[in-house]
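One structure is given below, encoded as structure tokens.
The values are calculated or read from the model by the stated rules, or taken from the named source; none is laboratory data. Remember, predicted model here, so these are calculated numbers, not experimental data. Note that each Cβ is placed from the backbone with ideal geometry, even for glycine, and that neighbours are counted across all protein chains shown.
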Amino acid sequence: MELLLLLTVPPIAGLLCRIMPRQAWIERLNGLGATVTLGAALALAARVFGSGPIVALGDLLYVDALGALLVMVIALVGFLGALYSIGYLRMDVSHGKVPADQLGWYYLGYHAFLWTMLVTVVVNNLGLLWVSIEATTLVSALLVGFYRTKAALEAAWKYLVLCTVGITFALFGVLLTYYASARALGEEAGLTWTTLSAHAGQLDPDLMKLAFVFILVGFGTKAGFAPLHNWLPDAHSQAPSPVSAVLSGVLLKCGLYGVIRFYLITSKAVSPEYASNLLLGFGLLSVVVAVPFILVQTDFKRLLAYHSVEHIGLIATAIGLGGPLGLYAGLLHMFNHAMAKSLLFFVAGNLSQRYGSTQMSRIRNAIQSMPATGLLLLLGTFAITGVPPFAIFVTEFGIVGAGFERGNPLIGVVLIAALAIVFAGAFGHALEMAFGKTLLRLTPVLRGPSGAIALAVPTAFMVLLGLYVPPPVSQAIQQVVTLFIGGGL
């Protein structure tokens, strides 16, 4: 029942939003659809973590602990983005930035986007996984170009072209995996995850080595690994802020999810070291490449986009390091990053509508002109850069510790240096926006209760998980770690 609701409510909600004639009805349906989707996701996750994996529609759908974790994160960030969209788009309509008759199209695209991501993490067939990841690109490209400005349309086309080229590489990896399956399993051959995982040790090691390279390049483009990340700053900076929150908070994880599924198979077919070393390489490169771009950014949303490159690199590094500590920290970091980045993109939305720009040189004295938003800007910056007692400090500390624990002290040292430089640069930008003097004429920004909820929830999670990880959350993450350990890592 939960899985059925999860996969039917978003498209129905989106279609109803499109055909409703009144803005008030559209907003209510958007909120209701996102709320029901979140409830179904939490119920599904509780069932999986309590009773084990779920198989449905024959073997077409499969949700294990990893899938349940991603379902929960996608639905939560989608819910917050849907709530924030209400007040955000009201302002855009009132200022003439968006025609009122386009709201239905926005919410249709938004809920379709959530649906494609949810499908990605519950399908059992790796071929359908590839299809659904490509579908996320097609749908979200329309949202990136929603404002129809020259910059937005260029960003949407760049995103569409680069990610489609990347996903083509992933297709070669999928085909090679199928060929390896056909050679090893005969009549049982196919791309079903449960079958391939159970028989991964029988697959041709040479074929799987080559397949994983294609997968890492292809899905890694969607995940935002450097140097495949070129689409990401443009798309994040031009999309509406709630869409940017979803792009950064969960879409990148869908690409990483595709990598992880093939990573688990490759680790059994070849050796854990081969796949781990490749992930470590891409992960560390992403962290290091992001550092100078964070220091020199002038646009706030582009700054947040490069933070995404950095944090996806941290997650990949943690999984590449392996071990209980590295895996636990990396998987929990997925959730922590989603919350922190959602908060900051919502803050960016408030600031951009107040100051009429996302250029940091134009955003000044935010702490006085917008006290709550200015304070959240500072808290969000502390959170995303890993300052205690926020949750990302805990997971970054765990990832660095895993480097030393696994006999890779150089990795730990590189991460410490990169994180220290990022903190200095990001906090310098935040201080200027919060306390610098401004002579600009500011636009009033009014937010309803839905916007307040969207800002309060990720802030609460950032503080709570930095001080205390509730046992149900810890046990859920441990179940995902067990999936990796069971994969022979």
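This table checks each residue for (1) touching a strand residue (DSSP E or B) at 6+ places or on another chain (Cβ under 8 Å); (2) under 30 Å from Tyr88 (Cα atoms); (3) in contact (Cβ under 8 Å) with a residue 12 or more places away in the chain; (4) β-branched (Val, Ile, Thr).
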| position | (1), (2), (3), (4) |
| --- | --- |
| Glu187 | no, no, no, no |
| Thr192 | yes, no, yes, yes |
| Leu203 | no, no, yes, no |
| Lys209 | no, no, yes, no |
| Phe219 | no, no, yes, no |
| His229 | no, yes, yes, no |
| Ala235 | no, yes, yes, no |
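Contact map, the stretch 352-374: residues that are under 16 Å from Arg302 (Cβ atoms) and among the basic types (Lys, Arg) paired with residues that are assigned to a helix (DSSP H, G or I) and at pLDDT 90 or above, Cβ distance under 7 Å, separation 6+ or inter-chain. Pairs shown: Arg362/Tyr355.
With respect to the conditions (1) within 23 Å of the chain's Cα centre (by Cα); (2) buried (at least 21 other Cβ atoms within 10 Å of the Cβ), Gly104 falls short on a single one, namely (1).
Per-residue answers, yes or no, for (1) among the small types (Gly, Ala, Ser); (2) without any contact (Cβ under 8 Å) to a residue 60 or more places away in the chain; (3) under 27 Å from Leu60 (Cβ atoms); (4) in a helix (DSSP H, G or I):
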residue: Leu3; (1), (2), (3), (4): no, no, yes, yes
residue: Leu7; (1), (2), (3), (4): no, no, yes, yes
residue: Pro11; (1), (2), (3), (4): no, no, yes, yes
residue: Gly14; (1), (2), (3), (4): yes, no, yes, yes
residue: Arg18; (1), (2), (3), (4): no, no, no, yes
residue: Ile26; (1), (2), (3), (4): no, no, no, yes
residue: Leu29; (1), (2), (3), (4): no, no, no, yes
residue: Val36; (1), (2), (3), (4): no, yes, yes, yes
residue: Ala40; (1), (2), (3), (4): yes, yes, yes, yes
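Taking the listed residues Thr195, Thr177, the one that is surrounded by fewer than 24 Cβ atoms within 10 Å (Cβ to Cβ), among the polar types (S, T, N, Q), over 18 Å from Leu285 (Cα atoms) and out of contact with any Cys (no Cβ under 9 Å at 6 or more places or on another chain) is Thr195, with no other qualifying.
Considering only residues that are over 14 Å from Met117 (Cα atoms), part of a helix (DSSP H, G or I) and among the small types (Gly, Ala, Ser), look in the stretch 49-80 and name the one that is nearest to the chain's Cα centre (by Cα). Ranking the candidates gives Ala65 first. One residue stands out in the stretch 446-484 among those that are over 21 Å from Ala75 (Cα atoms), aliphatic (A, V, I, L, M) and surrounded by 14 or more Cβ atoms within 10 Å (Cβ to Cβ): the one that is nearest to the chain's Cα centre (by Cα), namely Val481.
Residue-wise test of (1) under 25 Å from Val473 (Cα atoms); (2) out of contact with any Pro (no Cβ under 7 Å at 6 or more places or on another chain).
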site: Leu314; (1), (2): yes, yes
site: Thr317; (1), (2): yes, yes
site: Gly326; (1), (2): yes, yes
site: Ser342; (1), (2): yes, no
site: Ala348; (1), (2): no, yes
site: Leu351; (1), (2): no, yes
site: Ile363; (1), (2): no, yes
site: Phe382; (1), (2): yes, yes
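Looking only at residues of the stretch 112-151 that are assigned to a helix (DSSP H, G or I) and either basic (Lys, Arg) or touching a Cys at 6+ places or on another chain (Cβ under 7 Å) (or both), we find that the one that is nearest to Gln238 (Cα to Cα) is Lys150.
Of the residues making up the stretch 217-234, those that are part of a loop (DSSP other than H, G, I, E, B) and over 15 Å from the mean Cα position of the chain (by Cα) are Ala226, Pro227, Leu228, Asn230.
For the stretch 211-255, the tally of residues that are closer than 17 Å to Leu280 by Cα and surrounded by fewer than 24 Cβ atoms within 10 Å (Cβ to Cβ) stands at 5. Checked against the criterion of being closer than 22 Å to Gly436 by Cβ, assigned to a helix (DSSP H, G or I) and out of contact with any Asp or Glu (no Cβ under 8 Å at 6 or more places or on another chain), the candidates Leu344, Leu331 yield just one match: Leu344.
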